[in-house]
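Trainee: What follows is a structure written as structure tokens; I'll ask about it next.
The values are calculated or read from the model by the stated rules, or taken from the named source; none is laboratory data. Everything numeric here is computed off the predicted structure, so don't read it as measured data. Using ideal geometry, Cβ is built from the backbone for each residue, glycine included, and neighbour counts are taken over all protein chains shown. These accessible areas exclude ligands, DNA and RNA; they are computed on the full protein's heavy atoms, side chains included. Shrake-Rupley method; radii C 1.70, N 1.55, O 1.52, S 1.80 Å.
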Amino acid sequence: MINLLSCCSSLEVSIPVSEYEVARGGEIALTCSFIPARPNFDTMILTWEAFPDNTVDPMIVVASYFLNKPVDIAPAYEGRASLKNDMTKHVSTLHLTKVTMEDNRRYQCSVAIPNDKQGTQAATTSLLVLVAPSAPICKLQGTAEYWHNITLTCVSQEGSPQPVYEWKSYSVENSPRQFPPKTTEKDGSLSLFNISVETSGYFICTSTNRVGSASCNFTLAVMPNSMNIASTGIIIGAVVAGVLVIGIIIFCCCRKSSKKNKFAEGSPGDVEFYDKDAPETGEQYWDDKSNSETKPHNQDEDKDVVPQSNYAVTSAGHTFDDDQHSSISGKEKYNGKGSDIDSQRYQDDQYRGSRDRLDDQLDRNEQRERYGGSRDRLDDQRQRYGG
């Protein structure tokens, strides 16, 4: 009856511990037990494998054992993995040393016996490598300005098992305080909404697992809304342009003022001319003043004055009369022949030429009288002041 039950039983593979724990850098022994359906077997293959990070990748072989043959260790585990098999007790033990975070995964023990394919041919377990959390990194996501929404993040690069994060807040006076309303905290992210100056203060994040803990501090200073960079650039450019324009205006004004100072003395416009025929010495001379308004003066002074060119005016008058007479006589000479238009044109040309000559002569006389009189007046004043 017992032999019949033995013949009818199946292979059973098991691992007594569902999860092993070991500190990083330590060593651990994983045990696998198997019960064959037939106590006597000539061939058997026992294999330890690790599950890959990606489920689509093949299993990672750690060590394998063929009955009555040496154990084969995979190249990736040579020097830090060993396998011991007790065929009497049907127990296989995998030893791992210098454990790293790469060993933090699930493992499988499988047994293959010919003609014994029923039952459970493999069992799995997990290896948890314990690592204290590394110092977390606290960062700000968003802009710390009035009425903005921001998020403070806290992440440890290492930590096994996965660290748990906790935020605490302190005021500017370093007093503990509650978070503002609507604040949310999840997986190390602290979200603050509609922040203000009261939100400013100190924030501490602590990363903890059963191996250890670490923390980081973050100082939050909420500031008024800053101006747009483009607007700031425009304002700066406008100010610079305004300064340049003002500088150019000041430069031109200074240059003009310096020119005035340069000709302050000896400027022709500042010299006053006086007519010797004026009623009193020192009265300002006016060129458009008629001769009838001048007062009589001494004969001695007339000797030094250039004679008035009344002859030139008279001559011009005679010339004008001659031109008129020529025009009339010409008209009579031709007995009224020719058009009135031609006659009028001829007279206009004659008058225009006479007027131009008369104007030129008057200009010369006025200049001669002015400079002559002015020179005499200057000499008279020089003598008077000298006395």
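Trainee: Scan region 181-191 and give yes if some residue there is surrounded by 13 or more Cβ atoms within 10 Å (Cβ to Cβ) and either in contact (Cβ under 8 Å) with a residue 40 or more places away in the chain or in contact with a Cys (Cβ under 6 Å, 6 or more places away or on another chain) (or both), otherwise no.
Mentor: The answer is yes, given that some residue of region 181-191 is surrounded by 13 or more Cβ atoms within 10 Å (Cβ to Cβ) and either in contact (Cβ under 8 Å) with a residue 40 or more places away in the chain or in contact with a Cys (Cβ under 6 Å, 6 or more places away or on another chain) (or both).
Trainee: A further question follows. Tally up the residues in region 47-66 that are among the aromatic types (Phe, Trp, Tyr) and open to solvent by 70 Å² or more (accessible area, probe 1.4 Å), please.
Mentor: Summing the residues that are among the aromatic types (Phe, Trp, Tyr) and open to solvent by 70 Å² or more (accessible area, probe 1.4 Å) in region 47-66 gives 1.
Trainee: Determine if region 81-98 includes at least one residue that is basic (Lys, Arg), surrounded by 12 or more Cβ atoms within 10 Å (Cβ to Cβ) and on the phi > 0 side of the Ramachandran plot.
Mentor: Yes, because at least one residue in region 81-98 is basic (Lys, Arg), surrounded by 12 or more Cβ atoms within 10 Å (Cβ to Cβ) and on the phi > 0 side of the Ramachandran plot.
Trainee: Looking at (1) hydroxyl-bearing (Ser, Thr, Tyr); (2) in a loop (DSSP other than H, G, I, E, B); (3) buried (at least 19 other Cβ atoms within 10 Å of the Cβ), find the lone condition where Ser110 falls short.
Mentor: (2)
Trainee: A further question on this structure: If a residue has to be more than 19 Å from Ala112 (Cβ to Cβ) and either in a helix (DSSP H, G or I) or at pLDDT 95 or above (or both) to count, how many in region 1-15 make the cut?
Mentor: The number of residues fulfilling the criteria is 7.
Trainee: Now for a different question. Please state which of the following conditions Leu46 fails to meet, knowing it meets all the rest: (1) in contact with a Gly (Cβ under 8 Å, 6 or more places away or on another chain); (2) part of a strand (DSSP E or B).
Mentor: (1)
Trainee: Also: Among the residues of region 151-170 satisfying the criterion of being polar (S, T, N, Q), open to solvent by 20 Å² or more (accessible area, probe 1.4 Å) and more than 16 Å from Leu140 (Cβ to Cβ), which is farthest from the chain's Cα centre (by Cα)?
Mentor: Within region 151-170, the match that is farthest from the chain's Cα centre (by Cα) is Gln162.
Trainee: Can you find a residue that is of a type in the set (Gly, Ala, Ser) and modelled with pLDDT of 95 or more anywhere in region 88-98?
Mentor: Yes, that holds for at least one residue.
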